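Here's the structure we're looking at; comments come further down.
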Amino acid sequence: MTTTADTAPLCLLADIPDGGAVEIQTLVDGENESLLVYRHGDEARAYYNVCPHAGRRLDYAPGKFLVRSGSIICAAHGATFQADSGLCLQGPCRGESLRAVPVIVTDGAVRLGARA
Ligand code: FES
């Protein structure tokens, strides 16, 4: 995993509605991955677009996610995840979590990487 802010931006923070999420296709550790990138104010979180319940994508249409009141809802069977942590609070995989991908926000852009 890249750990610096020198990577190309995944997207601009302003491209994500506050409290919403977008899909970003990018390379993570050499693999082309679909990520859900969630924005909460000036912060962003990223998760693999894979539900821990049955391995399905979380979106109901390509790049369209059900995100309401700080929760991400899997379109397949309704598992509800806390958007800030990825923890499943309700549904068939309660107690499991989305797989997070570390991201940072610098200069208004979301990038892969962890805080130094
Ligand atoms: S695959 Fe997400 S709730 Fe079943």
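Descriptive notes on the structure:
- Segment 82-95 residues that are within 12 Å of Ser71 (Cα to Cα) and in contact (Cβ under 8 Å) with a residue 40 or more places away in the chain, paired with ones that are part of a loop (DSSP other than H, G, I, E, B) and away from the ligand (no atom under 14 Å from the Cβ) (beta carbon under 7 Å, 6 or more apart): Ala83/Gly70; Asp84/Gly70
- Filter result (in contact with a Ser or Thr (Cβ under 9 Å, 6 or more places away or on another chain) and either among the hydroxyl-bearing types (Ser, Thr, Tyr) or at pLDDT below 95 (or both)) within segment 30-57: Ser34, Tyr47, Tyr48
- Among the residues making up segment 70-86, those that are more than 14 Å from the ligand (Cβ to nearest atom) and not acidic (Asp, Glu) are Gly70, Gln82, Ala83, Ser85.
- Residue within segment 58-70 that is in contact with a Gly (Cβ under 8 Å, 6 or more places away or on another chain), in a strand (DSSP E or B), modelled with pLDDT of 95 or more and within 13 Å of Thr80 (Cα to Cα) present: yes
- Screening Tyr47 on (1) in contact (Cβ under 8 Å) with a residue 24 or more places away in the chain; (2) within 17 Å of Gly113 (Cβ to Cβ); (3) away from the ligand (no atom under 16 Å from the Cβ); (4) in a strand (DSSP E or B) shows it passes everything except condition (3).
- Per the conditions (1) within 12 Å of the ligand (Cβ to nearest atom); (2) aliphatic (A, V, I, L, M); (3) surrounded by 13 or more Cβ atoms within 10 Å (Cβ to Cβ); (4) farther than 16 Å from Ala100 by Cα, the sole criterion not satisfied by Val67 is (1).
- In the set Gly19, Gly30, Gly55, only one residue is within 16 Å of the ligand (Cβ to nearest atom) and surrounded by fewer than 18 Cβ atoms within 10 Å (Cβ to Cβ); that residue is Gly55.
The values are calculated or read from the model by the stated rules, or taken from the named source; none is laboratory data. Quick caveat, the model's predicted, so the values are computed rather than measured. All Cβ positions, even for glycine, are placed from backbone atoms using ideal geometry, and neighbour counts span all protein chains on display.
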